[in-house]
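The values are calculated or read from the model by the stated rules, or taken from the named source; none is laboratory data. The structure displayed is predicted, hence computed values, not measured ones. For neighbour counting, all protein chains shown are included, and Cβ atoms are generated from backbone atoms with ideal geometry for every residue, glycine included. Surface areas here come from the heavy atoms of the whole protein model, side chains and all, with no ligands, DNA or RNA. Shrake-Rupley method; radii C 1.70, N 1.55, O 1.52, S 1.80 Å.
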Amino acid sequence: LDCIHVTMANAGVSDEDYFVETWDEPCAADLPDMVEAHRIAKGMYPTMQLYMPLCVRDILKTDFLGALNDTTDLWIFLDNPAYFSGDLYERIRKVHAAGKPVMHYLCSVGTSLSLSSYYRRHCWRGEYYGLDGDFLFQFVDSCRDGTLGGLSFKAKNYGNIVYRSFDTFIPSIHYMAYREGVTDVKYLAKLREVAGNDPEVKSFLTDAARQVIIERPEARDLPAEMRERARELLLRKCKE
């Protein structure tokens, strides 16, 4: 923590502009150690923001949120329907309503996952659940196993969405699909800014993510159709 704090401070980055991952996908047995680690960390640097990505099913049986909420500044869950339903989701909603950011993430090393349902719809799921952010690990692989740098674009990747060719990054089709999803929800966010009391716009914003995620998840072109509809509504609002 000393090293992180000094490095970021020397770079002119304040504590509120970054988060420190304290544990990578912990399980229930890790909870006592995590409580103590977070207590010590907050004692050393009260304004440093802490988080951990949560994905193991054990956390459904353990009150991670109750035990760590006071010393955790961001909650980020695996993009798993089990975490956004039932009792755990109610606890997440209470934490969110109290002001703690809640986000979700994808973390796969597969190269044949659906461009439509896995990559493009990820941000749509965040939109549907009303989350504060959408993460996808990882952007590019780094040094591993004694190598000098990220893998060449000629090599099999490890879940990254861009490839490295010396000092140049080459976007993959996974990256491009994910970027389309980011753009989709940006259209929705802009439309929400200008919606006012327009009943047609409000109805669309209420229904769009539900259609994409719940009602018609198999419809490959639906996100693009929803974006186009959002664009049409934006143009109409701008002319009013």
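Annotations
- Applying the criterion of at least 3 residues that are among the acidic types (Asp, Glu) to the helices (runs of 4 or more DSSP H) found wholly in segment 171-240 leaves 173-194, 222-239.
- Residue that is farthest from residue 136 (Cα to Cα) [pool: residues in segment 33-55 that are touching a residue at least 40 places away in the same chain (Cβ under 8 Å) and assigned to a loop (DSSP other than H, G, I, E, B)]: 45
- Residue identified as of a type outside the set (Lys, Arg) and over 24 Å from residue 104 (Cβ atoms) among 59, 4: 4
- Subset tally (residues that are farther than 18 Å from residue 126 by Cα and open to solvent by less than 30 Å² (accessible area, probe 1.4 Å)) for segment 194-218: 3
- Residue within segment 36-51 that is closer than 18 Å to residue 80 by Cβ and open to solvent by less than 60 Å² (accessible area, probe 1.4 Å) present: yes
- Top-ranked residue of segment 93-130 - restricted to ones that are in contact with a helix residue (DSSP H, G or I) (Cβ under 7 Å, 6 or more places away or on another chain) and among the β-branched types (Val, Ile, Thr), ranked as modelled with the lowest pLDDT: 95
- Residue in segment 144-156 that is within 20 Å of residue 50 (Cα to Cα), crowded, with 18+ Cβ neighbours inside 10 Å and at pLDDT below 95 present: no
- Going through (1) open to solvent by less than 50 Å² (accessible area, probe 1.4 Å); (2) closer than 16 Å to residue 78 by Cα; (3) assigned to a loop (DSSP other than H, G, I, E, B); (4) not polar (S, T, N, Q) one by one, residue 109 falls short only on (1).
- Figure legend. Inter-residue proximity from segment 4-32: first residues within 15 Å of residue 64 (Cα to Cα) and in contact (Cβ under 8 Å) with a residue 12 or more places away in the chain, second residues open to solvent by less than 70 Å² (accessible area, probe 1.4 Å) and of a type in the set (Asp, Glu), beta-carbon distance below 7 Å, spacing 6+ or different chains. Indicated pairs: 23/30; 27/58; 28/58.
- Segment 36-59, subset out of contact with any Ser or Thr (no Cβ under 9 Å at 6 or more places or on another chain) and charged (D, E, K, R), residue modelled with the lowest pLDDT: 57
- Restricting segment 92-104 to residues that are over 23 Å from residue 220 (Cβ atoms) and open to solvent by less than 50 Å² (accessible area, probe 1.4 Å), the residue that is farthest from the chain's Cα centre (by Cα): 95
- Of the residues making up segment 60-78, none is in a loop (DSSP other than H, G, I, E, B), at pLDDT below 95, closer than 26 Å to residue 16 by Cβ and open to solvent by 40 Å² or more (accessible area, probe 1.4 Å).
- Candidates are the residues of segment 112-129 that are hydrophobic (A, V, I, L, M, F, W, C) and open to solvent by 40 Å² or more (accessible area, probe 1.4 Å); the one that is nearest to residue 210 (Cα to Cα) is 115.
- The number of residues in segment 112-130 being part of a loop (DSSP other than H, G, I, E, B) and over 23 Å from residue 99 (Cα atoms) comes to 3.
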